[in-house]
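The values are calculated or read from the model by the stated rules, or taken from the named source; none is laboratory data. None of the values given here were measured: they were computed from a predicted structure. Neighbour counts are summed over all protein chains in view; Cβ atoms, including those assigned to glycine, are modelled from backbone coordinates with ideal geometry. Ligands, DNA and RNA are stripped out before the accessible areas are found, and what is left, the full protein with its side chains, is counted by its heavy atoms. Shrake-Rupley method; radii C 1.70, N 1.55, O 1.52, S 1.80 Å.
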Amino acid sequence: ESVKIATDGIALIVNRQNADSIFNLNTLQKVFSGEITRWEEITPGASVGEIQVVFDHPNSSTVRYVIDSICGEKRLSERCHAAGTNREVIDYVARTRGALGVIGVNWISDARDSLCRDFLEEVQVARVSRADRATYGNSYQPYQYYLYTGQYPLCRDIYILLNDPRSGLPSGLTSFFSGSRGQRIVLKAGLLPATMPVNIVNVRDQI
C-alpha cells in the first residue's frame, strides 16, 4: 500500500549579485542538458558569464528529479557538478556569481529557523514559471502554498510504502504521519502536508 504524506519541492538558488532569478521549464531543460551554458544566452547583456550548475550529491534525489522530470529524454550535462551537501551548495552559490544551485525546498522554507534565515541572506531563491515566457507575475517561488496550488512546477510527492499484513508498528507509524500531529511535523519540516490545508499571507509594508 502506498500512502501519500507530503509534497516536496526543488528549490533553485542563485548568487545575490545575479539579476537572473526567473526561469521557465524550457530554459531549465536547456541549462541542465548543456544547450545553454552562459547567462547572456538567457538574458542578453548579462555580465555573469558561465552558468555553473551545482547539486548536493551525484546520486541524490534532486539529481534524479532533474534527470527524470526536467531533462526528459535529454541527458544531464557533464558540466553539472556536485558540491557534496546542501550546505556546501549554498556556500558555493553564495561566493560564485555564475552559480545555479539545486537543493531541497526544506533548506530555505522555515523562516523561524535561524539557519534558514542565514541561508536566505547569502543567496536568492529563483522563481519558476510554467509559461513559455517567464515574467515576475507568472513565476513562483517554492512556498508551500504554491506547491499546494501547483503553480510552482518543481514538486514531487512523498509516499510511505507499507507492507504490513499484521497491522503492527509500520501501520502505526503510517497512521501517525497521516494524522494531525504527524502532518504538523511535515509542515514544520518545510514540506507540504498531504492532508492539511495551508494559508498564504500577504504582508504589506504600508497600510
Next item on the list: Of the conditions (1) surrounded by 21 or more Cβ atoms within 10 Å (Cβ to Cβ); (2) at positive phi, Ile103 clears all except one; give me its number.
Entry: (2)
Next item on the list: Residue by residue through region 178-199, note down the ones that are open to solvent by less than 60 Å² (accessible area, probe 1.4 Å) and in a helix (DSSP H, G or I).
Entry: Ser178, Gly182, Gln183, Val186, Leu187
Margin query: Looking at region 147-172 only, could you name the residues that are surrounded by 11 or more Cβ atoms within 10 Å (Cβ to Cβ), in contact (Cβ under 8 Å) with a residue 12 or more places away in the chain and closer than 28 Å to Asn86 by Cα?
Written below: Leu147, Tyr148, Gln151, Tyr152, Pro153, Leu154, Cys155, Arg156, Asp157, Ile158, Tyr159, Ile160
Checklist line | From the options Tyr145, Tyr136, residue that is hydroxyl-bearing (Ser, Thr, Tyr) and either under 14 Å from the mean Cα position of the chain (by Cα) or modelled with pLDDT of 95 or more (or both) | finding: Tyr145
Next item on the list: Please work out if Ile5 is under 30 Å from Leu161 (Cα atoms) and either modelled with pLDDT of 95 or more or in a strand (DSSP E or B) (or both).
Entry: yes
Next item on the list: Tell me which residues, restricted to region 177-201, are closer than 14 Å to Gln144 by Cα and either modelled with pLDDT under 85 or hydroxyl-bearing (Ser, Thr, Tyr) (or both).
Entry: Lys188, Ala189, Gly190, Thr195, Met196, Pro197, Val198, Asn199, Ile200, Val201
Item checked: Unmet requirement for Ile67, which otherwise passes all of (1) within 30 Å of Arg184 (Cα to Cα); (2) within 17 Å of the chain's Cα centre (by Cα); (3) at pLDDT 90 or above -> (1)
Note to self: Being modelled with pLDDT of 90 or more and either open to solvent by less than 50 Å² (accessible area, probe 1.4 Å) or among the small types (Gly, Ala, Ser) (or both) is the filter here; which residues of region 77-91 pass it?
What the structure shows: Ser77, Cys80, Ala82, Ala83, Val89, Ile90
Next item on the list: Provide a single number: the residues in region 17-61 that are assigned to a loop (DSSP other than H, G, I, E, B) and either at pLDDT below 90 or farther than 23 Å from Tyr143 by Cβ (or both).
Entry: 21
Checklist line | region 1-10: number of residues that are surrounded by 17 or more Cβ atoms within 10 Å (Cβ to Cβ) and in contact with a Phe, Trp or Tyr (Cβ under 7 Å, 6 or more places away or on another chain) | finding: 3
Next item on the list: For residues that are over 21 Å from Thr62 (Cα atoms) and not acidic (Asp, Glu), tally how many sit in region 150-191.
Entry: 23
Check: Is there any pair with a first residue in region 124-137 that is open to solvent by less than 60 Å² (accessible area, probe 1.4 Å) and a second that is part of a strand (DSSP E or B) and basic (Lys, Arg) whose Cβ atoms are under 9 Å apart and which are 6 or more apart or on different chains, and what are they?
Finding: Ala134/Arg127
Margin query: Taking the conditions exactly as written (modelled with pLDDT of 90 or more, buried (at least 16 other Cβ atoms within 10 Å of the Cβ) and over 14 Å from Ile22 (Cα atoms)), does Ile108 satisfy them or not?
Written below: no
Notebook entry, point to check: If Arg75 satisfies every condition in (1) closer than 15 Å to Val125 by Cα; (2) in contact with a helix residue (DSSP H, G or I) (Cβ under 7 Å, 6 or more places away or on another chain); (3) among the basic types (Lys, Arg) but one, which is the exception?
Noted result: (1)
Check: Of the residues that sit in region 12-49 and are free of Cβ contacts under 8 Å to residues at least 24 places away in the same chain and among the basic types (Lys, Arg), which one is most open to solvent (accessible area, probe 1.4 Å)?
Finding: Arg38
